[in-house]
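Have a look at the structure below, then the notes.
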Amino acid sequence: MIKVGYDAGHGFHTAGKRTPDGEREWSFNDKVARAFANELALYKGVMTRRFDDPTGQRDVPLRERTNGANNWAANFYISFHHNALGSRWGNHTGVETFIHTNPQPRSIELANAIHPAVVTSYGLRDRGIKRGNLHIVRETTMPAILIEGGFMDSLIDITKLRKDAVLASAGRAVAQKLAKFVGLSRVFPENREELSMAQYEELRRLIDAQARRIQELERLIGLEEREPLATHAKEWEWATRIGLLTDIYPNRPLTREQYAEVEYRKASGEIQLKVEPE
Ligand SMILES: [Zn+2]
């Protein structure tokens, strides 16, 4: 089992660490880190552990992150960041990947395997693989890299950072290149139309694990089941009373199949749709 530690740098509230417009570095980092972990979950023989606070509320000290990864005996460590030159917009640009000033050979190989794909995903200038005496790559005992995916105070780079699809593709690319570097195979081949029962069960297990993760995150940010908002109370009461919607989760989106069911209930005439005049 390959163990991969990762983090999304800093915390949401960390001083500095924001664009001149106030967007938070952590929010950019977090999107890349999530896409990375979700993609790696599609491979066999690998597990990931995140060492920053996935809600962003606490800026987990660097010492705590590296101690955590060392104690867990991670095989690799990847830290996701975005760069800044200062506090004003400028035209500096590009992606760079850091390894320690005195790196393990395996860290150099890891950076070489991953960095070009990061550059391609962002579509920004290649500033190369750099060496730096950074805590996260110095104090981790396993091969480690720190990715700076473009400058958040760059008028050029910010256009990429504001696109979730770019951040997600960067995270996926890092996972795919890491998987290739380590020689991992996917849980299911990419081009198979039918799943075996074992593959189906594996998929089910992954989906359940993700659902539990999402539930836990929703609970942490206060997105559990709640009463409908006062602004929608009248409509909610009506829709649930006549049976258009079931009486749970007023704050959740409908899936397409649930929407089909709502339309079916209306079309089949099984419910009385008319709203009584107030
Ligand atoms: Zn950073």
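Each reported figure results from applying straightforward, stated rules to the coordinates on display, with no laboratory input. Keep in mind it's a predicted model, so treat the numbers as computed, not measured. Backbone-built Cβ (ideal geometry, glycine too); neighbour counts: all protein chains shown.
For the chain, the equivalent ellipsoid derived from the Cα gyration tensor has semi-axes of 41, 24, 18 Å, listed largest first. DSSP finds beta bridges in the chain, and of those with both partners inside it, around 20 percent are antiparallel. Ordered by the count of other Cβ atoms within 10 Å of each Cβ, fewest first, His82, His115, His13 give His13, His115, His82. Segment Arg162..Lys266, full-extension length gain: 33.4 nm, with 0.36 nm per residue of separation and the alpha-carbon distance subtracted. A straight Cα-to-Cα reach below 14 Å connects Lys177 with the aspartates and glutamates Glu39, Glu109, residues fewer than 8 places away in its own chain not being considered. In sequence order, the stretch 264-270 has phi-based couplings of 5, 4, 5, 5, 6, x, 6 Hz under the Karplus curve 6.51 cos²θ - 1.76 cosθ + 1.60, θ = phi - 60°, and Gly or Pro positions carry x. By the rule of a C-alpha distance below 18 Å, with chain neighbours fewer than 8 residues away ignored, the lysines paired with Lys163 are Lys31. Exposure proxy ranking for Lys266, Lys17, based on other Cβ atoms within 10 angstrom of each Cβ and starting from the fewest, stands as Lys266, Lys17.
In a fully extended conformation the segment linking Ala41 and Ser196 would gain 54.0 nm over its present Cα-Cα distance, using 0.36 nm per residue. Karplus-based coupling profile of the stretch 196-213, in residue order and whole Hz: 6, 4, 4, 5, 4, 5, 5, 4, 4, 4, 5, 5, 4, 5, 5, 4, 5, 4, with θ = phi - 60° in 6.51 cos²θ - 1.76 cosθ + 1.60 and x standing for Gly or Pro. Computed from backbone phi, the HN-Hα couplings of the stretch 230-243 come to 4, 5, 10, 4, 5, 5, 5, 4, 5, 5, 7, 5, 7, x Hz, rounded to whole numbers (Karplus: 6.51 cos²θ - 1.76 cosθ + 1.60, θ = phi - 60°; Gly and Pro given as x). Summed over qualifying helices (DSSP H, 4 residues or more, each -39500 (n - 2.57)) and divided by its residue number, the chain shows a 222 nm mean residue ellipticity of -13500 deg cm²/dmol. Extension gain for Val60-Trp236 works out to 59.3 nm (0.36 nm per residue, less the C-alpha to C-alpha distance).
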